[in-house]
């Protein structure tokens, strides 16, 4: 078992965690609430002399589980979201939420609750799309295609595990009987395991996991590490140039000898200068983020006029 926080009291840590009502705790609570709802339905079926849990489970999975069949999916598009919160088996939800808790806590040490929520949702969506695409593309799944359903948070959890593992690859955790291990190694091992398990049982589940891994890698490594690092370098290169532009546009104009209209008072001049400076700063900030082409025609014209006035 993995314990990234070995020196804390588990019960007090768990109580404090749920009192925070973060995106992570809310995701866990939603998964638990849906699972409890499934159990309540099973009890109701039992009380009405329908002791076979399979009947209740089948009705729930048909409505909330993700179908591989495209016609069925078009009739129930909401299942692309609901499937990632649906669990029937206790051990299925137990291990999914355990991994979500452990790696979600690590995720929130470096990134925001909003990023975790979107990683969960988009990672689960990527897993679902990968599952549906594989079952409709590969001939081996044709017989199971009409009846196959996906459920569980595994793909969404794998997206979080992979994203944070590639974002902070040197982060280490304790594993019982093994010691400290870098989380990136765990992410890689899990991916390899899922890939080679496709030919065994639960092919759809392992394919969905891989979809979550692909999204997690794209977000944690390609976007957060590679792309944002390049943006930071570009901004550093631009910064000296931006300062020159800023100083060029903010030079105090020389007083003119004649006026076509009434000369401005000092208060009017200072107020207008302050407003123009504020707008120039806003436009320069926009250039630093999105480049000159991100400006509107009016903003470009304002900069041009400002430069002409300061000559």
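Taken together, the values in this text are just the output of simple stated rules run on the coordinates, not laboratory data. What you see is a predicted model; the values in this text were computed from it and never measured. Heads up, the Cβs are rebuilt from the backbone with ideal geometry, glycines too, and the neighbour counts pull from every protein chain shown.
What's the exposure ranking of 83, 223, going from fewest to most Cβ atoms within 10 Å?
Values: 83 27, 223 13.
By the 10 Å Cβ count, ascending, the order reads 223, 83.
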Proxy exposure order for 94, 137, 85, 103 (fewest C-beta within 10 Å first) is 137, 94, 85, 103
Ranked on Cβ counts within 10 Å of their own Cβ, fewest leading, 296, 119, 79, 162 go 296, 79, 119, 162
With a ≥ b ≥ c the root eigenvalues of the C-alpha gyration tensor of the range 2-226, is it rounded (a/c under 1.5), prolate (a/b larger than b/c) or oblate?
oblate
